[in-house]
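Step one of this worksheet: look at the structure below.
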């Protein structure tokens, strides 16, 4: 019973997500695809920054690597840019594997650096990626980028063709609808894997290394290997996220994978609460959807100026809201959205106990399964001043 | 255990319901689409009394200033069209959305716009239009106003307003040899933005240089580089006898200024986006007046051809204090091109997105009264509709800062082949 209550919101959310393509129009579907791609990347980054305490600004590099690996692997060998012509499923796996391997190659550096120095080193990767993407024209198509073949499994294509017409409950399912389910499946899978990883032996070792390397070493944790593991896993997540972004765009170009993308990923996990999978998910949806929705509905908002007229327009408002949200979270919400949600849950259960009723739910605070999000402890990269709240 | 069975049953039940709701037969497959009021078949963005066209432009990013001019001119154009009875007896509405030069926004805005518009009047910006072009092609949706990059020629739904940067640059090399006394074996510098704009210009210049026996000294820059001292010094050292600049006004100001201070007195050639009339009041002004040539597909603001006059009068009535630049005749020309295609689709009785693209591709002899150089032929998607360009000189007393010299088509501009 308690299991059902605990999982209730999650199951409900999943059912809603499954039903949404029946209701939404193309704009919301496309926004959802971008959001789900970012969810996968944000989960990867929260494992690295939140759980393992390694600041990385190089997430865009690994996303780019995954995106181009996917495009190259499925690409038509006779096409304008080089390609292998392999099945898309292989390409998707390869996108994760290649990123993981490169993340592993980078781990000798990431293992020696900490905090802001690691952040700076990883920024270098983003500039390296930019240079390679623009200049390796045979592979990447240069500045103009290359098209991405749609995803397919034998007999079914996640595009507008093959089957040319598919309807569920009277709603025609086109490429965007079909991709929605692919993305949802991958996002749920990565959240589940991420949660298990964090709650398991590896996650505890990573958290231990984050809090004190000396203590971790004394406990028998191989510090260098733990750090490398975190980097490899996070890179694999970023690679898959990049491949999903490539599928959502249908065409990739170097401009998509700039430093701004890395910063967006960081904002997502800070807003959501470092180390929390659910928080990273919420943060990713917020950061991706906010500017798109504001741009789309700016004409309906009475207080917004028409774009270009010099007043407060949608793009400016989106940037202001971002900034305000980050400042508000850092000042008032210890542990981000996830921390706030968990505090509300605690307060409610404490309240129920206080009114004399029998405790319906076992005290959730020492929950070992990690299903309810415990308030994530503050990792080394965050500011200590939040502790007082 | 029992719980597990129940879950399995529930999931299986859901799957069966979902499968039962599936269908792969299109109920509309044999139908004739939506029935219009009359004999004209109406598609997306068309009602009995209105047509909606979309503009995806950059009103909050780096090209906000020029984009606002184009939006103002386009809206004024359609207001005029509506006053004269509209297109196909319908009023034309313009749906403007701001992508802020962000491809992600451009793609999502495109998704929301595409089902509700007959055509896209404009998708501004290199990376943004590169992201939207393949989607629009898959939807058979007309797309205009994306610049003049040669790689757009592979899309049959895209209508280029004039010729490409590569043909402009090839013509510029011909002009240097034939009119400005550059001799065989001389060197010509090309300072270009990395990307579809600059690389296209470089390709045209390299082709023509090989034909005319010149040497190209390429200098790659990015839009963030605004100090051209290093490039100017390199060009001086190489002994360049002319420079082609496929960049933006800040680069032109710097390059012309530095070249002048180094006493390098050579022609500087630019495309439409290279020049801004405000530069003539800057310290680089005297150098530009002496040496700047613009090779453009659309007529400069000051041209006294009837088409340009109409465009300018309309703009000055709509935005009396607006910036004067190449965007005004360009926006008018683009709106004329789309209106012509929509009228063609109407006459063919197929006012759908596909119908507009078809009508545009049947245009073989369209004359825009001097907005573009020659009459235009869009029947072959792999070729630009014309290869003739306008040659203008910088002039301080002319509105818009450029004075029209002549139209020009050289042998290399004519012979340039697209990859």
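The values are calculated or read from the model by the stated rules, or taken from the named source; none is laboratory data. Since we're looking at a predicted model, the values are computed, not measured. Glycine also receives a Cβ, built like all others from the backbone with ideal geometry; neighbour counts cover every protein chain displayed.
Restricting attention to the range B:387-404 and to residues that are within 28 Å of residue B:323 (Cα to Cα) and not in a strand (DSSP E or B), the residue that is modelled with the highest pLDDT turns out to be B:388. Within the range B:168-202, the set of residues being closer than 13 Å to residue B:242 by Cα, in contact with a helix residue (DSSP H, G or I) (Cβ under 6 Å, 6 or more places away or on another chain) and assigned to a loop (DSSP other than H, G, I, E, B) comprises B:182 only.
Among the residues of the range B:174-184, is any surrounded by fewer than 24 Cβ atoms within 10 Å (Cβ to Cβ), farther than 23 Å from residue B:410 by Cβ and out of contact with any strand residue (DSSP E or B) (no Cβ under 7 Å at 6 or more places or on another chain)? Among the residues of the range B:174-184, not one is surrounded by fewer than 24 Cβ atoms within 10 Å (Cβ to Cβ), farther than 23 Å from residue B:410 by Cβ and out of contact with any strand residue (DSSP E or B) (no Cβ under 7 Å at 6 or more places or on another chain), which makes the answer no. Of the residues examined, residue A:256 is one that is within 14 Å of chain B (Cβ to nearest Cβ) and either modelled with pLDDT under 90 or outside any helix (DSSP H, G or I) (or both).
Within the range A:182-210, the set of residues being loosely packed, with under 14 Cβ neighbours inside 10 Å and within 16 Å of residue A:49 (Cα to Cα) is empty. Per this entry, residue A:104 is counted among residues that are modelled with pLDDT of 90 or more and assigned to a helix (DSSP H, G or I). Summed over the range A:270-303, residues that are within 14 Å of another protein chain (Cβ to nearest Cβ), in a loop (DSSP other than H, G, I, E, B) and crowded, with 20+ Cβ neighbours inside 10 Å total 0.
Every condition in (1) within 25 Å of residue B:291 (Cα to Cα); (2) within 14 Å of chain A (Cβ to nearest Cβ); (3) surrounded by fewer than 21 Cβ atoms within 10 Å (Cβ to Cβ) holds for residue B:165 except the one numbered (3). Taking the range B:131-156 as the range and being surrounded by fewer than 24 Cβ atoms within 10 Å (Cβ to Cβ), more than 10 Å from chain A (Cβ to nearest Cβ), assigned to a loop (DSSP other than H, G, I, E, B) and out of contact with any strand residue (DSSP E or B) (no Cβ under 8 Å at 6 or more places or on another chain) as the test, the residues that pass are B:140, B:147, B:156.
Taken over the range B:69-103, the criterion of being outside any strand (DSSP E or B) and crowded, with 23+ Cβ neighbours inside 10 Å is satisfied by B:70, B:71, B:73, B:74, B:77, B:99, B:100, B:101, B:102, B:103.
Can you pull out the residues in the range A:107-122 that are in contact with a helix residue (DSSP H, G or I) (Cβ under 7 Å, 6 or more places away or on another chain) and in a helix (DSSP H, G or I)? Hits for the range A:107-122 are A:107, A:109, A:110, A:111, A:118, A:121.
Residue B:35 falls short of the stated requirement of being within 14 Å of chain A (Cβ to nearest Cβ) and at pLDDT below 85. As an exercise: evaluate residue A:258 against (1) buried (at least 22 other Cβ atoms within 10 Å of the Cβ); (2) within 18 Å of the chain's Cα centre (by Cα); (3) farther than 15 Å from residue A:56 by Cβ and give the number of the one condition it does not meet. It fails just one condition, (1).
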